[in-house]
1. Under the definition of Cα pairs under 8 Å and six or more residues apart, what whole-number percent is the relative contact order of chain A?
2. Counting residues in chain A as N, plug N into 2.2 N^0.38 Å and put the Cα Rg over that result.
3. Counting pairs of alpha carbon atoms under 8 Å apart in space and at least six apart in sequence, what relative contact order in percent does the range A:4-105 give?
4. Nearest 10 degrees is fine. How inclined is helix A:11-20 to the longest principal axis of chain A, computing both from alpha carbons?
5. I'd like the orientation of helix A:296-314 relative to chain A: the angle between its Cα long axis and the longest Cα principal axis, in ° from 0 to 90, rounded to 10.
6. Quick one: divide the alpha-carbon radius of gyration of the range A:341-426 by 2.2 N^0.38 Å and tell me what you get.
7. For n ≥ 4 DSSP H runs only, could you compute -39500 (n - 2.57) per run for chain A, divide by its residues and tell me the 222 nm figure to the nearest 500?
8. List A:Lys36, A:Lys204, A:Lys96, A:Lys346 from most exposed to least, where exposure is judged by having the fewest other Cβ atoms within 10 Å.
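Nothing in this text is a laboratory measurement; each read-out follows from the coordinates by a stated rule. Keep in mind that this is a model prediction, so the values were computed, not measured. Note that each Cβ is placed from the backbone with ideal geometry, even for glycine, and that neighbours are counted across all protein chains shown.
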Amino acid sequence: MLGIKFIRENPDLVKKDLKKRHEKEMIAWVDDLLKKDEEYRKSLQESQNLRANRNKATLEINEMKKQGKNISAKIKEIKELPSKIKNIEEKQKELKEKINYYLMRIPNILHESVPFGKDDSDNLVVREVGKKKKFDFKLKSHGEMIEDLNGGDFNRAVKTAGAGFYYLKGKIALLDLALQRYAIDLLVKRGYTLVEPPFLMNRKAYEGVTSLADFENVMYKIDGEELYLIATSEHPMGAMFMNEVLKESEIPIKFCGVSACFRKEIGSHGIDTRGTFRVHQFSKIEQFIFCRPEQSWKFHEEIQKNAEDLYKGLKIPYRVVNVCTGDIGIIAAKKYDLEAWSPREKKYFEVGSNSNCTAYQATRLNIKYEKKNGEREFIHTLNNTAIATSRALRAVLENYQNKDGSLTIPKILVPYMNGITKIEKE
RNA sequence: GCCGGGUUGGCGGAAUCUGGUUUAACGCGCCCGCCUCGAAAGCGGGUGUCCGCAAGGGCAUCCAGGUUCAAAUCCUGGGCCCGGCGCCA
């Protein structure tokens, strides 16, 4: 969320941004928020004065009691103070709740380089990289390939779990792991610390890292417990330092998360029942950075380069898009999507997403860092996919299939495949 | 899951039974200043957060409530940690 102080000081900037995001109703929210904020602070002053009076009287009573004086008159005098305080504070609570309602929903301030637009069709292509191979045969879908290579089972996954789940087997399962190890090794080599986080998270921590809509549309909740299955390791990594103050000397912190990811995908396009592309569970290697505010734009490009280097290494053509104001979501100040080339559909499809969340997540999570002079400031957080196997598998399976139905293993993955260079049709 | 013990600042640790000059004694750490060629020691100040231009004040003893003029302390519910038992990949 944005700091209330920031909104107080820059209401016009906030409104201008909401307009860019096509959030017209929220513009009125800002005025109401500021009004409620002022009322709240006034009420706070009032209740605090009453509390000060009460505290003073309490000390006096104590003193009198020690001297053996009769305190009943004094108690009568301040008798109604507690209820007065209670009344005011109840109103205050309502104001605070409304203020929080707004703060939890008003989105982050956009970076100036974010293109204006309505939806994903207005995303700006930043660059296209890699040579597209020519195929002189009809390409199979990645789902068909997996089945033909005896590398997975979608029907039986429907039986045991439901649509949107998959079994991977044999060499394709190994390929899934190879992709993960490849990404981990590249990131660890570049100074990132490997992290295996909890796959379940409580509500409080979760509210800090995601938008409220996600609780409905994305997250699986454990029945009878305040626990949610993580949608990405970004979430437990982000929440890791909740309510902490980090020393300037310990940041930047660079994490490489590895986890299974669970998503309901309600409200998104159909679930992929013959493949791994849009599914309820997949594995993902994720980059996450905590850093000083002045470093975050530099790191945004750094984690972008990491992701691009992974696809360059795989020799899979991709493009980078700068996600526009209408498609970016409430948390990021700027977001790049990485899209791999689908030779079968002759279009790009999303394989990763790179967000600079600036102080937005850190404000909700209350993560600060302490400067050398003792001052404290909210930290910046960034996250980017390295490899989501469900999507990277599709990219590999389409770009590396051969006319005879076999699959060539990308050279860079061969060491992770126990030397296997090709998966033949069985 | 059951039984018992516990939860106080950056850390150790008093005060809890018997509510009251204890937001926290005592000790350690960290930061700044003085001293010094530099450092240590020593001395002085600081070391959570919120409201306020300031003066000043509020809040903060795991969390949420309650009782009370007053809660670290009493009551209710919940979380977490330690030990024992049980259950179990």
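1. On the way: 790 pairs, mean separation 85.6, N = 426.
Value for chain A: 20 percent.
2. 1.23
3. RCO, the range A:4-105: 35 percent.
4. Approximately 30 degrees, to the nearest 10.
5. The angle comes out at about 20 degrees.
6. Numbers: Rg = 21.1 Å, N = 86, 2.2 N^0.38 = 12.0 Å.
It is 1.77.
7. -13000 deg cm²/dmol
8. Listed from fewest to most nearby Cβ atoms, that is A:Lys346, A:Lys204, A:Lys96, A:Lys36.
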